[in-house]
């Protein structure tokens, strides 16, 4: 019984500490300058290894992580949004970001339209609003056509905001050949 009381006390203290930290953060501490509401970042204007605003950046994001819960935004999509926001917060114009994010493996379902996602998981696809924000920021979000087939999804089930790629393998190697850098997520 004493161990349970100690555990409850420790959990309560941990929760109170988190609340205290959150209350200490000033308004605007977390921002989403390029993809509003997704991929929060904290600007660090004097940090090392800041991207140069005058340069262009080519990244191909390899999104393989699935969501833990169907109603949650996929962690890989969230990381892509965070990357866009990090570059934007460092002053890099969106026109200098050449980003492509390709989903495959357990991440394939991020590409489903709402109707099919609801049929499979019982909720609307929470990734589509983030994909729309990424598109608005100039990011091409794609899905591996081979993974779509492997998951037994129909190609017409893919949301129109998502590019249907031949495969993740050919997308990644073609873009690496064109000077993109691979970022596995």
(request) Considering only region 43-70, state which residues are in a strand (DSSP E or B) and either within 14 Å of the chain's Cα centre (by Cα) or free of Cβ contacts under 8 Å to residues at least 24 places away in the same chain (or both). (result) 59, 60, 61, 62, 63
(message) Among the residues of region 122-152, what is the count of those that are crowded, with 22+ Cβ neighbours inside 10 Å, in a helix (DSSP H, G or I) and in contact with a strand residue (DSSP E or B) (Cβ under 8 Å, 6 or more places away or on another chain)?
(response) 4
(message) Would you confirm, using the coordinates I've provided, whether residue 179 is surrounded by 15 or more Cβ atoms within 10 Å (Cβ to Cβ) and either touching a strand residue (DSSP E or B) at 6+ places or on another chain (Cβ under 7 Å) or at pLDDT 95 or above (or both)?
(response) no
(request) Please specify each residue of region 71-98 satisfying the condition of being closer than 18 Å to residue 44 by Cα and part of a loop (DSSP other than H, G, I, E, B). (result) 90, 91, 92, 93
(message) Would you confirm, using the coordinates I've provided, whether residue 109 is modelled with pLDDT of 95 or more and loosely packed, with under 12 Cβ neighbours inside 10 Å?
(response) no
(request) Scan region 153-166 for residues that are more than 16 Å from residue 116 (Cβ to Cβ) and assigned to a loop (DSSP other than H, G, I, E, B) and jot them down. (result) 166
(message) Among the residues that make up region 93-102, is at least one of them modelled with pLDDT of 95 or more, surrounded by 16 or more Cβ atoms within 10 Å (Cβ to Cβ), farther than 22 Å from residue 36 by Cβ and under 12 Å from the mean Cα position of the chain (by Cα)?
(response) yes
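The values are calculated or read from the model by the stated rules, or taken from the named source; none is laboratory data. Predicted, not measured: the structure shown is a model, and the values here were computed from it. Neighbour counts are summed over all protein chains in view; Cβ atoms, including those assigned to glycine, are modelled from backbone coordinates with ideal geometry.
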